[in-house]
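Below is one structure, written out as structure tokens; comments come after it.
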Amino acid sequence: MSWLERIKPKGPAAAKAERSSGVPEGLWKKCPKCTAPLYRPELERNLDVCPKCDHHMRIGARRRLDIFLDPQGREELAVDVEPVDQLKFKDVKKYRDRLADAQKQTGEKDALVAMQGTLHGNPIVAVAFEFSFHGGSMGYAVGEKFTRAAQRALELRCPLVCFSATGGARMQEALISLMQMAKTSAILERLKQSGVPYVSFMTDPVYGGVSASLAMLGDLNVAEPGARAGFAGPNIIEQTIRQKLPKGFQRSEFLLEHGHIDMIIARADMRARLAQLLAKLQGLQNPLADGAAAEPASGG
Amino acid sequence: MNLNYLAFEQPIAELEAKIEELQLVGSDNDLNIADEVAKLRAKSTKLTESIYAKLSAWQIVQVARHPQRPYALDYISRVFDDWDELHGDRHFGDDRAIVAGIARLDGRPVAVIGEEKGRGVSEKVKRNFGMPKPEGYRKALRLMEMAERFNMPVITLIDTPGAYPGIDSEERNISEAIARNLAVMSRLKTPIICTVIGEGSSGGALAIGVGDKINMLQYATYFVISPEGCANIIWKTSDKAPDAAEAMGVTSSNLQRLGIVDETIAEPLGGAHRDIDAVAATLKATLIKQLAQLSALPEETLLENRFQRLMGYGRPA
């Protein structure tokens, strides 16, 4: 990514996503890992990665897609999909009210944003989970949006990239949530059979029903540094086996060592790395090689 | 408290105890006692009927987990003939929480895959209480792909408290094992019939649960997270599990209404353990009927119907 793109002013959507990612107002932010005080504008330029300890902080879905896709020619997909409360689920609070709160707080209809665009000039469909919406959990709306985005990739025969950040299936939609695992896996199998590349990009955290479906089915599975991903959460495992978990359990580095992912990609490299990887899978020229079309203007 | 009966069945247990006592006393053909026993029997049946007529979701969860509830192997021996169990995933090991093999259903060769909780302490330990690890799901996948090559329909029996949440499970990528099964089952070129016979818990159940027909026994349950787990997260206490079970709609009648379950297989009064042969016979008849329906479809239609059903999950009617 060029330095120009890094410092370009963000659109209103990106600003909104940042607010929803829990970054407090004010000029300084403490790194949640090394506690170094960080100057906010500098942190933003650094894509919310701590310059001191390289901790990759969580970012919202729109910010993610904004820093990933080329600035021009983006189209949001499946905007009409809304969550449905088929069970009329109620615990201490109505699920409908929980949804309304989450929508108000995040400005999103549900926990997935899907976009069609280009990456270093090559067409791509990208989706990202919004973790601040109900813990990025997957119910009907997330499954449906993902499926429609995958269908678009299939029609265009262009790659699909998914940035996951989720606690898993959404309890409040019960078995309908569970079935989204089968649904998203089925459409991904169609992509696989048709030779359309799919990259699962895991960002902190990825658990449960999403881990056990769309997040593990990539032609390439990759993860951000330090991201945690697994089927059962650490608490559940500790309760079951009654022992402490080893340090670094379920972190990206553990996943790499155990053969679950192909590589760890730092946020600053994700555009270039994915563009080059995908171009190889598609038999295209290296979009970043000398003489290839220049990176699209970053003013955008 | 009689452990053969669940907490909410204790009034039935008391009556049955009384009947037993009377029978012991009345072995010297006393007519009055015979009358009394008959009366009590009728009363016990009536009581069972009235209790079972209005079971709560949580009570159904209890029946589904009843210690005497028939498990996969109980059905396999009664529904299928000529059963050969096959072992191992060819990569790591043989997970006994999943039994898999080939058998005949009404003469026709089929592949059978079931989650098995195991009866008795040592058997339960051997079978990890029905909680499969990655190698269990990979063994199932191996069998399914073999079934596809040899034109054998796949019959699955679902009964698990969940995929095993342990360090080794995670190290060997339990998520991938489940996900891979979901993907492959969505396009496997042979009919797949899945039946929840007891407890269908989350991804560990779904990993052998994608198919052309989804059945549930009447008092089986199917959920995205156990009622206790759901209660722990929302109410911060597992005491609220009954409320969670109610809210999640874990029963066959609810799931049939949502279009997730096709057919509910009736159980005898008081649950499947009261008459295993009868339930097995009903299950067998259902499987034979459904297999005939699915076999009549051209392969393309079978697969397209399965795919469209998957795509439709959750879409508002």
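Solvent-accessible surface (1.4 Å probe) assigned to A:LEU43 amounts to roughly 10 Å². For the pair region B:240-278 and region A:30-90, the centres of their Cα atoms are 42 angstrom apart.
With K and R counted +1 and D and E -1, the other residues having a Cβ less than 15 Å from that of B:GLU9 yield a net charge of +3. Identify, among A:LEU178, B:LEU188, B:LEU73, the residue whose Cα sits farthest towards the positive end of the charge dipole of the protein assembly as shown, taking +1 on the Cβ of Lys and Arg and -1 on the Cβ of Asp and Glu, with the dipole about the Cα centre. Ranked along the dipole, the leading option is A:LEU178.
This model, with +1 at the C-beta of Lys and Arg and -1 at the C-beta of Asp and Glu, gives the protein assembly as shown a dipole about its Cα centre of some 1760 debye. Taking all Cα pairs closer than 8 Å and separated by 6 or more residues, the relative contact order of chain A comes to 15 percent. Charge tally around B:LEU206: other residues with Cβ under 12 Å, Lys/Arg +1 each, Asp/Glu -1 each, net 0. Per-residue mean of foreign Cβ neighbours for A:186-195 is 4 (Cβ atoms of other chains, 10 Å radius). Simple rule: put +1 on each Lys or Arg Cβ and -1 on each Asp or Glu Cβ in region B:7-54, find the dipole, and look at B:LEU40, B:LEU15, B:ALA53; the Cα lying farthest toward the positive end is B:ALA53. Beta bridges from DSSP with both residues in the protein assembly as shown: antiparallel share about 45 percent, rounded to the nearest 5. As an equivalent ellipsoid, the protein assembly as shown spans semi-axes of 49, 27, 21 angstrom, where each value is the square root of five times an eigenvalue of the C-alpha gyration tensor, largest first. Within the assembled protein chains, the solvent-accessible surface assigned to A:HIS55 is about 50 Å², based on a 1.4 Å probe. Of the residues A:ILE187, A:PRO83, A:ILE124, the one whose Cα sits farthest toward the positive end of the charge dipole of chain A, with +1 on the Cβ of Lys and Arg and -1 on the Cβ of Asp and Glu, is A:PRO83. Counting protein heavy atoms only, chain A has 50 percent of its accessible area on carbon and sulfur, 1.4 angstrom probe.
Taken residue by residue and averaged, Cβ atoms of other chains lying within 10 Å of the Cβ of B:56-69 number 0. Return one number: the angle in degrees, 0 to 90 and rounded to the nearest 10, between the long axis of the Cα atoms of helix B:134-149 and the longest principal axis of the Cα atoms of chain B. Helix B:134-149 and the main axis of chain B meet at about 70 degrees. Computed from the alpha carbon atoms alone, the convex hull of region B:239-285 holds 91 Å³ per residue. In region B:47-157, the ratio of gyration radius to Kirkwood radius, Rg to Rh, stands at 1.06 when only Cα atoms are counted.
Along region B:172-179 the Karplus relation, 6.51 cos²θ - 1.76 cosθ + 1.60 evaluated at θ = phi - 60°, assigns HN-Hα couplings of 9, 6, 4, 4, 5, 4, 5, 4 Hz to successive residues, with x for each Gly and Pro.
Consider all pairwise Cα distances in region B:7-54 and report the whole-number % of them above 15 Å. Counting pairs separated by more than 15 Å, the tail of P(r) holds 44 percent.
Separation of region B:297-317 and region B:161-208 by C-alpha centroid, Å? Comparing the Cα centres of region B:297-317 and region B:161-208, I get a distance of 20 Å. For region A:59-282, the alpha carbon positions stretch 49, 43, 31 Å along the principal axes, listed from largest to smallest. Using a cutoff of 8 angstrom between alpha carbon atoms and counting only pairs six or more residues apart, the relative contact order for chain B works out to 16 percent. Here is the short version for the protein assembly as shown: A:CYS158, A:CYS162, B:CYS194, B:CYS230 have no other Cys C-beta closer than 4.7 Å. For region A:140-159 versus region A:216-253, the inter-centroid distance based on Cα atoms is 27 Å. 3J(HN,Hα) along region B:259-264: x, 8, 10, 8, 9, 9 Hz, from the Karplus curve 6.51 cos²θ - 1.76 cosθ + 1.60 with θ = phi - 60°, whole Hz, x for Gly and Pro. Chain A packed on chain B takes about 4100 Å² of accessible surface away from a 1.4 Å probe, both sides summed. Using only side-chain charges placed at the Cβ, +1 for Lys and Arg and -1 for Asp and Glu, the dipole size of region B:61-312 relative to its Cα centre rounds to 40 debye. Scanning residues 5 or more positions from B:THR160 or on other chains, those with amide H under 5 Å from its amide H are B:GLU199, B:GLY200, B:SER201, with H placed 1.01 Å from N in the peptide plane. The calculated 222 nm mean residue ellipticity attributable to helices in chain B amounts to -15000 deg cm²/dmol, summing -39500 (n - 2.57) over DSSP H runs of n ≥ 4 and dividing by all residues. The protection proxy used here, the mean number of other Cβ atoms lying within 10 Å of each residue, ranks peptides A:60-72, A:264-276, A:209-221 as follows, highest first: A:209-221, A:60-72, A:264-276. Pairwise Cα separations in region B:53-99 fall into 5 Å bins from 0 onward with the following percentages, short to long: 5, 15, 17, 16, 15, 14, 9, 6, 2, 1. In terms of distances greater than 30 angstrom between alpha carbons, the cross-link table entries A:LYS244/B:LYS133; A:LYS244/B:LYS117; B:LYS43/B:LYS284; B:LYS18/B:LYS240; A:LYS30/A:LYS94; A:LYS183/A:LYS280 yield B:LYS43/B:LYS284; B:LYS18/B:LYS240; A:LYS30/A:LYS94.
Placing +1 on the Cβ of every Lys and Arg and -1 on the Cβ of every Asp and Glu, with nothing else charged, gives region B:196-317 a dipole about its Cα centre of roughly 180 debye. Note on chain B: Kirkwood hydrodynamic radius from all Cα pairs is 20.8 Å, rounded to one decimal.
Taking the empirical scaling 2.2 N^0.38 Å for compact globular proteins as reference, region A:133-245 has a Cα radius of gyration ratio of 1.09. Per-residue shielding of B:161-173, expressed as the average number of other chain Cβ atoms within 10 Å of the residue Cβ, stands at 6.
Taking all protein chains together and a 1.4 Å probe, the residues B:LEU86, B:LEU217 rank B:LEU86, B:LEU217 from largest to smallest accessible area. In this view, the solvent-accessible surface of A:HIS56, computed with a 1.4 Å probe and all protein chains in place, comes to about 20 Å².
The values are calculated or read from the model by the stated rules, or taken from the named source; none is laboratory data. If you're wondering where the values come from, they're calculated on a predicted model, not measured in any experiment. Counting neighbours? That spans all protein chains shown, and the Cβs are built from the backbone with ideal geometry, glycine included. Ligands, DNA and RNA are excluded from the accessible area calculation, which covers all protein heavy atoms including side chains. Shrake-Rupley method; radii C 1.70, N 1.55, O 1.52, S 1.80 Å.
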